[in-house]
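Scroll down for the structure; my scribbles are underneath it.
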Amino acid sequence: MRPTLDDAAWSSRWRTRSTLEKSLLCLGLLLVAATTTSLVVAGLVGVCAVGLAALARVPVGVWLRAMLGPAVFVGIGAVTIAVTLGPGDLWSLGPIGVDEGSASRAVLVAARALAATSAMVLLAATTPMVDLLAGLRRARVPEVAVDIAAVTYRMIFALLDAASAIRAAQAGRLGYASGRAARRSVGQLCAAVLVAAWDKARRLEDGLAGRGGVAAVPLVPARSVSTPFVLAAGGLVLGLAGLSLRAGLA
């Protein structure tokens with residue numbers, strides 16, 4: 001089994017583009033989304049991220065599934081911001097309520113968070129993890145951090161493979177034939193996956209240590225940087241930053 005987002009990155013139209021190009025674009029969008037105080041600018045960042053994902057031919061289903069989890073988390077956080085103690089102008093229920101100020105803050109925070117998430121999903125959906133790890137090494141990120149990221153990435157596949165194999169074996173023995181059997185099988189699945197993951201993690205760590213760590217693994221060859229792409233990305237980010245600054249001063 002492989003994460004769908006990683007599959008999308010390998011088949012993306014931007015797969016052959018330099019990691020530096022995509023990182024400058026996505027991190028620039030992330031910075032604008034994280035610092036803007038304008039709801040309109042946050043929305044524009046999100047729209048740009050979605051449009052660029054469409055340009056890179058990221059499947060719509062993959063994009064929506066990748067955004068679903070963060071969107072639920074952001075929604076819960078926005079509710080906690082909107083709801084305050086005391087009666088509210090917009091809504092009240094006993095000792096709590098929602099007023100215009102808290103509602104506007106919640107909407108702005110949610111818009112900024114979703115826009116920033118869209119920028120990161122764009123990078124993840126167009127750049128395979130092996131390219132990102134190679135880019136981190138070229139950027140002189142400490143080897144320990146890259147090592148941890150690489151082992152974690154490999155552990156995802158170990159967990160997925162173990163869960164898939166165990167679930168298939170359980171299904172073959174009618175482990176999900178009834179609700180009671182399914183609950184028992186899920187509990188046994190979780191326990192077995194944790195044990196298998198622990199064992200595979202230890203073997204992965206031993207294997208990497210025997211090869212000298214991630215630093216001993218050859219780098220993915222660097223791709224040439226496209227000047228027009230960098231200029232276009234810089235223009236887009238600077239334009240959004242200018243709109244954000246203008247909105248903040250207004």
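For the range 35-67, the residues whose backbone nitrogen is under 15 Å from a point 7 Å from the Cα of PHE73, taken along Cα to Cβ, are 65-67. For the chain, the dipole from Cβ point charges (+1 on Lys and Arg, -1 on Asp and Glu) about the Cα centre works out to 760 debye, to the nearest 20.
Kyte-Doolittle mean at least -0.5 and Cα extent at least 15 Å along the axis: which DSSP H helices of the chain qualify? Passing helices, by number: 19-35, 39-55, 60-82, 100-126, 143-172, 179-210, 227-249.
A Förster radius of 41 Å, combined with the Cβ-Cβ distance separating ARG57 from SER92, puts the computed FRET efficiency at roughly 0.30.
Estimated at the nearest 10 Å², the accessible area of ILE148 is 100 Å² with a 1.4 Å probe. Loop-resident trypsin sites (Lys or Arg not before Pro) (DSSP state other than H, G, I, E or B) in the range 158-213 with no more than 12 further Cβ atoms inside 10 Å of their Cβ: ARG173, ARG211. Taking all protein chains as shown and a probe of 1.4 angstrom, MET120 keeps an accessible surface of around 70 Å².
About the centre of its Cα atoms, the range 1-67 shows a dipole size close to 180 debye [charges on the beta carbon of Lys, Arg (+1) and Asp, Glu (-1) only; nearest 20 debye].
Put the Cα centre of the range 143-204 next to the Cα centre of the range 1-72 and the gap is 29 Å.
The values are calculated or read from the model by the stated rules, or taken from the named source; none is laboratory data. Note that the structure is predicted; figures quoted are calculated from it, not measured. Here Cβ is always computed from backbone atoms with ideal geometry, including for glycine, and neighbour counts include all displayed protein chains. Just so you know, the surface numbers come from the protein's heavy atoms only, side chains and all, with ligands and any DNA or RNA stripped out. Shrake-Rupley method; radii C 1.70, N 1.55, O 1.52, S 1.80 Å.
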